[in-house]
Amino acid sequence: MFGKVLIANRGEIALRVVRACRELGVASVVVYSTEDENSAAVAAADETVRIGPAPARRSYLSIPAVIEAAAKTGADAIHPGYGFLSEDPDFAEVCEKEGFTFIGPPAAVLDRLGDKSRARRLMSDAGLPLLPGSLEPLANADEAARLASEIGCPLIIKAVVGGGGRGMRVVRHPGELAEAYARARADAQAFFGDARVYAERFLDTARHVEIQVLCDAYGNAVCLGERDCTTQRRNQKLLEETPAPGMPQGLLTEMRQAAVRGALAAGYVGAGTFEFLVSAERDFSFMEVNSRIQVEHPVTEMATGVDLVQEQIRIAAGLPLGFGQADIQPRGAVIECRINAENPDRDFAPAPGTLTEFVPPGGPFVRVDTYGFPGCRISAAYDSLLAKLVVWAPDRPAAIARMRRALAEFRIEGPGVHTTAGFLTRVLDDPAFRDGVHTTSLVSGLLAS
């Protein structure tokens, strides 16, 4: 096991990794920007290193600054969390060259799966179903038009690299194609530094289901079940749950087997998530692989009892998985709500500020992953995620009731601060959501009503 792990991230995930390290008896180092000097993760860590000013490109995205901090503190390994450098193959390669273990997949795997067009080809070869679309980046708008004439509209143009719902444009009519192609390329360049895009058929009434896998370096792979991420706005997830409501068990079994097959084909090592779309006809199609810990990993942890972050660290330290597929027995129902510092009444505009009151809910089977506390400053420089509220119950109706109660208890106040908590209660009360027949259009329908 490692002696010391540096955490190259911030916010709730940095604090989450600090806690995992402490339970494993591993010292933790948290790097921070000047904006995060008084953060909860900095207060909790064994050591801290300031690595730059607020802009992420000069701190959390600065590979030289992170590597220098690791060398200065004598860290053995670097945990990237999610976002920032977590799926950057260049960073993983630099870690290896400088003698630090990257807690995640090897650089070659990150490179293979981070390019979504390459990942689609690889998964197609492994027998995973794909939506009709391009297997290579689109060379120009004319090629996009030819593809559109073959597969029809609507289609979606996506960035080849990156994620988080960014760099995507839906085309519903051929006349929109040229502008959507140009804007998708511009978004991809701005967000990810790579303008390449590809296209595939767009499903208006799909369900979004992802499968969690763990793989060690010895060819062992297990599936830890699914998470339904259908409740989202503009491709940004708002609520996740397990088990996926209304999904036939035979279909879920096929998806789980496909994810494991895909992970083994990619030579995957660590924690990863295979994302699928499920059509109204109950056909599933591979979308992409998230080669990192997910924001919504607590959903799986609450259902299975497996600490995914600790497993990431163990696997990176060279230990084999200590359990097999037969040992994974998810129980009950779990729902996670993302509490973002956003104002739903202003088109979910970021609503940062300093918290004057922050009282998380409690009670049985309620978990809150957050960096918030009274006096905490929510920065406009970073993502708006403030807290993840997670509940477990024996069944889905009880989990919905528990989540409604927990949301009502959450007290978050501060000048200019707004959150998505109230809107999420509207989601829970929606008849389609309660019946488990909602699709990715649920939130847009609520906002239009």
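Each value in this text was obtained by applying a stated rule to the coordinates, not by laboratory testing. On a predicted model such as this, the values are computed, not experimentally measured, just so you know. As a convention, Cβ positions derive from the backbone with ideal geometry for all residues, glycine included, and neighbour counts pool all protein chains shown.
Worth pointing out:
- Percentage, to the nearest whole number, of Cα pairs in region 4-103 over 24 Å apart: 9 percent
- On a per residue basis, the convex hull of the C-alpha atoms belonging to the chain measures out at 136 Å³.
- Annotation for A401 and A141: the two label points, set 7 Å from Cα along the Cα-Cβ direction, are 5.7 nm apart.
- Prolate/oblate/rounded call for region 114-172, Cα gyration tensor, a/c under 1.5 rounded: oblate
- Among 283-295, 254-266, sorting by the average number of other beta carbon atoms lying within 10 angstrom of each residue, highest first, gives 283-295, 254-266.
- Label-to-label distance, L251 versus R434, with points set 7 angstrom from Cα along the beta-carbon direction: 2.3 nm.
- Fluctuation leader among Y198, Y218, Y32 - the chain, Gaussian network, Cα springs under 10 angstrom: Y218
- Packing rank of 98-111, 45-58, where each peptide gets the mean count of other beta carbons within 10 Å, highest leading: 98-111, 45-58
- Exposure proxy order (Cβ contacts within 10 Å, fewest to most) of S441, S59, S117: S441, S117, S59
- Estimated [θ] at 222 nm from DSSP helical runs (n ≥ 4, -39500 (n - 2.57)) normalised by residues in the chain, nearest 500: -10000 deg cm²/dmol
- Counting neighbouring beta carbons within 10 Å and listing from fewest to most, the residues R118, R196 come out as R118, R196.
- Amide H contacts of R292 (H built 1.01 Å from N, under 5 Å, at least 5 apart or other chain): T273
- Highest-first arrangement of 337-348, 13-24, where packing means the average Cβ count within 10 Å: 13-24, 337-348
- Linear extension gain, D345 paired with A380, 0.36 nm per residue minus alpha-carbon span: 10.8 nm
- Counting neighbouring beta carbons within 10 Å and listing from fewest to most, the residues K97, K4, K158, K116 come out as K97, K4, K116, K158.
- Cut-off 19 Å (backbone N to label point 7 Å along Cα→Cβ of R331), residues of region 219-244: 224-226, 242-244
- 3J(HN,Hα) from dihedral phi, region 324-338, Karplus parametrisation 6.51/-1.76/1.60, rounded to Hz, x for glycine, proline: x, 4, 5, 7, 8, 10, x, 10, x, 10, 10, 10, 10, 10, 8
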